[in-house]
Each structure stands twice: as structure tokens, then as C-alpha cells.
Amino acid sequence: MRKLAILLIFTVFTLSVFGQTETETVAKANDLIANKKYESAFKLLCDFDPSDEKPEIVLLKENIALNFFVTSIMHQMFSFKDLDKNENIMDYRGKNGSFEIQKFEIDKVLENLVKNFPNNCKLYKGLADFYYEVHLKYGGEWLKSDNELFKLIEANNEKVMSGNCADYLTYYVMGYITISQEKFKEGIPYLLKSIELNKDFASSYYNVAYAFLFSNERERALQYAKVSFDLYTDMSYKSDAARMVGQIYTELNDEKNALAYYELADKIDPGNYYNLKPLLYLYIKSDSPKVMETTKSFFNLAPTKPTIYNDLEEIFFSSKREDDLSAFYKEQLPVFKENENVLGNLFFYLGKNYIASDRKVAKEYFLQAKNTFRKVFDKDHQVFRAIEEGIAETEK
């Protein structure tokens, strides 16, 4: 009797799932998604269409997979979780946990459906969206190269547009992949169309500004970059937009406004290398009292990395302020006296700074760098070759 009862319960459950219409199933799945029951929604759709034969069901499964996964393995296998209302999927994504993995090869499933429904442009959109997502997530390290992905995105989106399924994201993605291939002028019409369809999508403004900038249309670039800055709410993106505005003003020889936007970028995202470098350059050029404070912030980003020293050399030397840079390095010597890696770099770059003005002093610094770096690196490290070259220069 117990086995029979279990069988009857299972039969009732199965009939309740398969007795639903597709419309009812989609509505219930969407309700589950709205309540953050992602695993239950995905399971409901799988139970209704186990062979992935129904376009609307598959596209809704794709939506769940791309937006609400906990774990993804090359976007071919996914795990999901039902959340409480106060939880966020990012609380679990990439974290340790026990989650059921489900195979869902979105590209293959959609390509099979296209064969049966060749006039359903939503399926082409699903493919284009999928290929765009794997490009963003895996950055050229997916099962296909970025060049292959771009071709697939373009081919599928062409069918989306011709089938009248395109939305602002379709045109945005087309613009994005076009300018990513450095075809800037060709990408502009797509991005302008995206803006026409959605005037509140910041990334379309940002990318069309980028395209105009690299097409030498700086005034138009400025117009769109400012709008993107106003629209972005994510602080990282907002900082990027402010930096672009600053760059455009710099290229328009308006250093006052350039400085204002670089300062905004730095305020929004403090300690960002790409904000601090141009900001320091403008401070030095305008003889700002903030030069040394900003130099210190920039230096402290990575005081063991040659890039920082080479940048400082480029910035200070361009304004003929080599002595100020040397003075700054000397001030850092006692600060980093316990850090032999930083100390060796300071000695080495002080040596470089003094080659033109005092070769004897330069040689002394190179020798100090050599002795210090011996405590850090093996004797065949390339830094010793650079030091020997510096010493040879002082002896000419």
C-alpha cells in the first residue's frame, strides 16, 4: 500500500505539471522568478519541456541561466538556488556551497530550435544574447574565440533586426562589437539607434562617445560622454565616464574643465591608476599645490612596479621638474627603509634621474640599488642588467 500511495502522489504531481498549458507554465515560472525562486522556476520549465522543444520555454530558461545562476561551467552547465526575499544571487555566486549542476547547452539547444522554427526571430536574439554574454564573461577564453563570437553575434542580430525583434540592446550590442573591432564610424549608427529606442541606457551614450572620439569628432563625443556620466549609477562606470569627459576636454585644449572632470573621477573612485595619472599630469602643468599629495597617492599604488616610476619620470620630466621628483624619492627612502624591494627601486630611479646632472651621484645610487636588490632577487634577474647599463652610462 505504501508503494502504491507514493506512486499515486507522483502521478498526481506529474499530471499537475503536464496538465498546465504553456502559457500557465510561463506565467508560474515568471512568478517564481519574481520571488527569487530561480531553481524552482528552472525545474518547472524543465519538467514541462524536458526535450527543449518549445521556443518560449527555452528562452525563459536561458533568461534564468544567464541572469540568475549560482555556478556556471563555461555557460554549458549551471546551478541555481531559491532565495529568500532579502537575499541576492551575488551572495552565493562564486562562493562555496553544495548546488545541483544541470547541463544546459544554450547555444546547441537554440541552434536545434532554429532548424524547426527558422522564422522565429526571438530564437536568433536568444543566440546573439548568449554569445554576447559568454564574450563578456569569459573574455576570449570560451569554447570559441572572440572573433568567432563576434561573427555569430552579428549574423544572428542581422536576422533579429530583419525579423523586427530588435530592441535597444540589440543595437547596442551591434555597436559594441563593431567598435570593439575598431570600426568606429561603422558602430555609430547602431549606438544612435539604441539611444533612440532607450534614452536612459547609459552605456549606449558612453560607447557612442568613445566611437566619436576615435573618429575625431570630439565635440559630439563630449556631448554623449556627459550624458553617460549623468545617467550612470554604478560608481565604477560613472568614474570611467568622468575620465572620458576629462580626456575629451584635454584633447580640446580645455584644461580647466579637464581637471574638473578628472577630479570628479578621482573623487568617485579614489586610488584608480587611470584617474590619478592624468590628474597628476594636469596638477604639475598648472603648478597646483596638490602635486606632492597626488604624487604620493600615485606612487603608493604600486611602489615596487617599474610602471609607476616610468610614469612619474614621464610626467615630471615633461614639465622639467626632475629635481622635484628626485626630492620626492629621497623623502620616501626612510619611509620604506624596511622594504628592500621598494628601496632598491628608489635607488635605481634616483640613479636614472641624476645621470644628466651629476654622474658621480647617479653611479652611487646605482651601486646602492645593486646592493639592495641582491637581497631581493637572484643574481641573473634582469634588474641587474639594467643597473649595469646605468653604471656604464655614468662612466662615459
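What the table below lists for this structure:
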quantity	calculated
Ranked list, fewest to most other Cβ atoms within 10 Å of each Cβ, for 77, 161	77, 161
Proximal charge balance of residue 43 [Cβ under 11 Å; K/R count +1, D/E count -1]	-2
Cα gyration tensor shape for region 220-341, rounded if a/c is under 1.5, else prolate or oblate	prolate
Footprinting exposure proxy for 316, 328 (fewest neighbouring C-beta atoms within 10 Å first)	328, 316
Tensor-based shape of region 291-376 (alpha-carbon gyration tensor, a/c under 1.5 rounded, otherwise prolate or oblate)	oblate
Gain upon complete extension [residue 141, residue 186; 0.36 nm per residue less C-alpha separation]	13.6 nm
Separation between Cα centres of region 218-285 and region 91-105, rounded to whole Å	39 Å
Per the chain, cysteines lacking a partner by the 4.7 Å Cβ criterion	46
Alpha carbon centroid spacing (whole Å) that separates region 176-190 from region 312-354	42 Å
Cross-link reach list, aspartates and glutamates versus residue 375, counting only Cα pairs under 14 Å and skipping chain neighbours closer than eight places	338, 340
Residue order, fewest to most beta carbons within 10 Å, for 230, 129, 49	230, 49, 129
Unsatisfied cross-links (Cα-Cα over 30 Å) in the set 296/360; 337/379; 81/115	81/115
Cα-based reach from residue 199 at 19 Å (exclusive), listing lysines while leaving out same-chain residues under 8 positions away	226, 238
Extension gain, residue 155 back to residue 286 (0.36 nm per residue minus Cα-Cα distance, nm)	42.1 nm
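Where a number appears in this text, it was derived from the coordinates with a stated rule and is not lab data. Only a predicted model underlies this, so the values are computations on that prediction, with no experimental measurement involved. Virtual Cβ from ideal backbone geometry, glycine too; neighbours counted across all protein chains shown.
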